[in-house]
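Rule-based calculations on the coordinates, nothing more; no lab input. In this text the structure is predicted, and so the values were computed from the model without any measurement. Cβ: placed from backbone, ideal geometry, glycine included. Neighbour counts: every protein chain shown.
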Amino acid sequence: MDIAALSMAISQVSVAQSASLQVMSMSKDMAEQQGQQLTEMLKSVPAPHPNLGGSLDISV
């Protein structure tokens with residue numbers, strides 16, 4: 001293998017790795033944003049009534 005071909009192969013691998021890291025970074029940022037939105041949504045839901053679901057009446 002000559003030096004020019006080796007240089008091109010290394011360059012292509014470097015570009016692919018850089019693109020992969022950029023996509024991973026974008027996906028991490030999107031996941032963080034969705035997590036924050038989910039947290040805000042859960043804060044806006046009212047708390048359930050404390051007496052509901054505490055007991056179960058069953059007659060056989």
Next on the checklist: Could you sort the peptides 7-18, 44-55 by per-residue average Cβ neighbour count (10 Å cutoff), highest mean leading?
Outcome noted: 7-18, 44-55
Checklist outcome for this item: Once the mean of 1/r over all distinct C-alpha pairs in the chain is inverted, the Kirkwood radius in Å reads 17.1 Å
Checklist entry - Based solely on its DSSP helices, what 222 nm [θ] is calculated for the chain when runs of n ≥ 4 H residues each add -39,500 (n - 2.57) and the sum is averaged over all residues, nearest 500 deg cm²/dmol? => result -26000 deg cm²/dmol
Next on the checklist: Using the basic label-point model (7 angstrom from Cα toward the beta carbon), what is the MET30 to ILE58 distance in nanometres?
Outcome noted: 4.6 nm
